[in-house]
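This report concerns only the one structure given below.
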Amino acid sequence: MEDTEIIALYLERNENAIHETDIKYHNYLFTIAHNILHDSEDSSECLDDTYVKTWNSIPPEIPKIFPAWLSKIIRNISLDLYRKKNRDKRKADTYSEALDDFDNMIGTGNQPEEQFNFTLLQETINEFLQNLPLLQRNLFLCRYYYMDSLKDAAAYCDMSQAAAKSSLFRMRNDLKEYLIKKGFDL
C-alpha cells in the first residue's frame, strides 16, 4: 500500500491504518528502536507507542515524507526510554559511543542559551549534511541518527570499518569547523 493511501486511512480514522503501517514499516522502525535500546521487548514497546502517537497525530498533522516522520517519532520515543533506563549509569553501547564522538563539540543543552540556539543548531547541521556527497551523508545518518554500529553503518555504505571510521572523523571535524564558521561557540 502506498504511503498516501495509509495516511488517508489515518485521516478517515480507519484502524486499518495502523495495520498497514506495521506491514510496511515494522522492520524499519523496529531496527531504529533496537539500535538505540538493544532490547527486543523495549523496542516492541516503542513500536507500539509509535503507532499510538501516529494515530493521535494524524490528523491534524499530515506528514509529507511518511517514513521519515515515523522514524523521528520512534527515535524520540526510544531515546526517551533509553535516558529513563540509563539515567544513573552510562553503559558502553552503540548509542553512548555515538554520542561520545560529539561530547567535546556540542553542549548538553542544559544552559538557557543552549536551549535557545538548539533549533538554529539543528538547521545548521542539516545545511552541513545537505552539502555532503550522498555516501557520506548516508554514513553520517546511519551512525549518528539511526545509531547503527560502526560495523553496520560501514556495511550499509559498502565501506571497510577503517574507512568509515576515518570518514566519520573527518566529517565531525568538518562539522565542527562549519559550526564555528556559522557562529557557534564550541
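Below is a table of values for the structure above.
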{"quantity": "Residue match in the stretch 1-19 (condition: within 21 Å of Tyr144 (Cα to Cα), of a type in the set (A, V, I, L, M) and surrounded by 13 or more Cβ atoms within 10 Å (Cβ to Cβ))", "calculated": "no"}
{"quantity": "Answer from Pro67, Pro60 - the residue that is more than 17 Å from the chain's Cα centre (by Cα) and outside the structural domain of Tyr144 (by TED's automatic domain parsing)", "calculated": "Pro60"}
{"quantity": "Segments classed as helices (runs of 4 or more DSSP H), wholly inside the stretch 11-93, with at least 1 members that are among the charged types (D, E, K, R) and without any contact (Cβ under 8 Å) to a residue 12 or more places away in the chain", "calculated": "40-57, 66-85"}
{"quantity": "Of residues in the stretch 128-141 being farther than 12 Å from Phe184 by Cβ and of a type outside the set (A, V, I, L, M), the one surrounded by the most Cβ atoms within 10 Å (Cβ to Cβ)", "calculated": "Phe140"}
{"quantity": "Residue in the stretch 150-159 that is touching a residue at least 24 places away in the same chain (Cβ under 8 Å), buried (at least 16 other Cβ atoms within 10 Å of the Cβ) and among the small types (Gly, Ala, Ser) present", "calculated": "no"}
{"quantity": "Filter result for Lys53 (of a type in the set (D, E, K, R), closer than 24 Å to Arg143 by Cα and not assigned by TED's automatic domain parsing to the domain that holds Tyr146)", "calculated": "no"}
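The values are calculated or read from the model by the stated rules, or taken from the named source; none is laboratory data. As the structure is a computational prediction, the values presented were derived from the model and not from experiment. Glycine also receives a Cβ, built like all others from the backbone with ideal geometry; neighbour counts cover every protein chain displayed.
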